[in-house]
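Colleague: This structure is in structure tokens; I'll ask about it shortly.
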Amino acid sequence: MNVAQFTTGLLLIVLSAGLYFASRSRKSNAGQLNQAQTLDLHQAAQGRSYGKFQGSIVADQPLTAPYSARPAVAWSAHLEKGTEDSDEDGTTTNWETVCSQSARTPFRMEGAGELWFDERGGLPTLDAPSTFDQYIHDATNPIIAPYVTNHGLLSRLSKPNFHAVETSFAPGSQGFFVGPVEAVNGFWVARPGQGKEYSVLTWKSEQQIRSRMSRAGTIWWVLSLVALAAGILAIIISFN
């Protein structure tokens, strides 16, 4: 028996199982989205409900996103530093995250009523749009200044290589939420999902989310079948 081929086959079967369960998770989330009722939060806040809500984002005291300097109610940013390694096959750039940060302020969505997002409920997953994505090679750029090494002749001659990425929700932008909401002190407040509940605030439309879920679920299901077939084949061959 070829132990290496047998081990590869087992790993492929394990990978197949992981892809299959990921596909099922996507399909489960899509089912929850399809069954979620549109929430009308004009009614008095009491109890707990699960549904979907669309509206405009509002904040009384917005923040300032660090890279784009735009007003934001929630932002996430990270900075990567690229280091080049050379070998006989060429040059490869390895990226290392040197800074990762995020911040948020209490905000609400105004649509068919009002829905709050703050620490009273614990925020759901935030899927914000990209507001900054740049490769930076200028050592005087204040974004990378704290992370640039200026020691020695080679350091001064070489250009820094950084990648800055930022996502943020801006006041006045449209958002779509699906998940549980709960009455807290007379206000409707968004909650993170419990158990396998799907809960997200996103800048994408409901149709875009549904389409992405369906596409990802199908791709992962097909890949799980391919990995399973390859794993079984590798195990059979290992005995020959």
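Colleague: If you go through segment 133-148 one residue at a time, do you hit one that is within 20 Å of the chain's Cα centre (by Cα) and either at pLDDT 95 or above or not polar (S, T, N, Q) (or both)? Working first, answer last.
Modeller: Initially, segment 133-148 is screened for residues within 20 Å of the chain's Cα centre (by Cα), giving 133-134.
Now narrow it down to the ones that are either at pLDDT 95 or above or not polar (S, T, N, Q) (or both): 133-134.
Yes, because at least one residue in segment 133-148 is within 20 Å of the chain's Cα centre (by Cα) and either at pLDDT 95 or above or not polar (S, T, N, Q) (or both).
Colleague: Let me ask you something else. So which of Leu233, Leu225 ends up being touching a residue at least 24 places away in the same chain (Cβ under 8 Å) and either in contact with a Phe, Trp or Tyr (Cβ under 9 Å, 6 or more places away or on another chain) or assigned to a loop (DSSP other than H, G, I, E, B) (or both)? Show your work before the answer.
Modeller: Working: Leu233 fails: either in contact with a Phe, Trp or Tyr (Cβ under 9 Å, 6 or more places away or on another chain) or assigned to a loop (DSSP other than H, G, I, E, B) (or both).
None of the others qualify; the one that does is Leu225.
Colleague: Among Phe187, Phe176, which is the only one that is surrounded by 14 or more Cβ atoms within 10 Å (Cβ to Cβ), farther than 30 Å from Glu96 by Cα and touching a helix residue (DSSP H, G or I) at 6+ places or on another chain (Cβ under 7 Å)? Walk me through it before giving the result.
Modeller: Numbers: Phe187 fails: touching a helix residue (DSSP H, G or I) at 6+ places or on another chain (Cβ under 7 Å).
The conditions single out Phe176.
Yes/no matrix, rows are residues, columns are (1) out of contact with any helix residue (DSSP H, G or I) (no Cβ under 6 Å at 6 or more places or on another chain); (2) among the acidic types (Asp, Glu); (3) in a strand (DSSP E or B); (4) within 30 Å of Thr38 (Cβ to Cβ):
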site	(1), (2), (3), (4)
Ser56	yes, no, yes, yes
Ser68	yes, no, no, no
Asp85	yes, yes, yes, no
Thr97	yes, no, yes, no
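Colleague: Looking only at segment 1-21, how many residues end up being under 20 Å from the mean Cα position of the chain (by Cα) and surrounded by 17 or more Cβ atoms within 10 Å (Cβ to Cβ)?
Modeller: Quick first cut of segment 1-21, residues under 20 Å from the mean Cα position of the chain (by Cα) only: 18-19, 21.
Now narrow it down to the ones that are surrounded by 17 or more Cβ atoms within 10 Å (Cβ to Cβ): 19.
Count: 1.
Colleague: Counting just the residues of segment 202-234 that are more than 26 Å from the chain's Cα centre (by Cα) and buried (at least 19 other Cβ atoms within 10 Å of the Cβ), which one comes out nearest to Tyr20 (Cα to Cα)?
Modeller: Top of the filtered list is Gly231.
The values are calculated or read from the model by the stated rules, or taken from the named source; none is laboratory data. Being a predicted model, the structure only gives us computed values, none of them experimental. Every residue, glycine among them, receives a Cβ derived from its backbone with ideal geometry; neighbour counts consider all protein chains shown.
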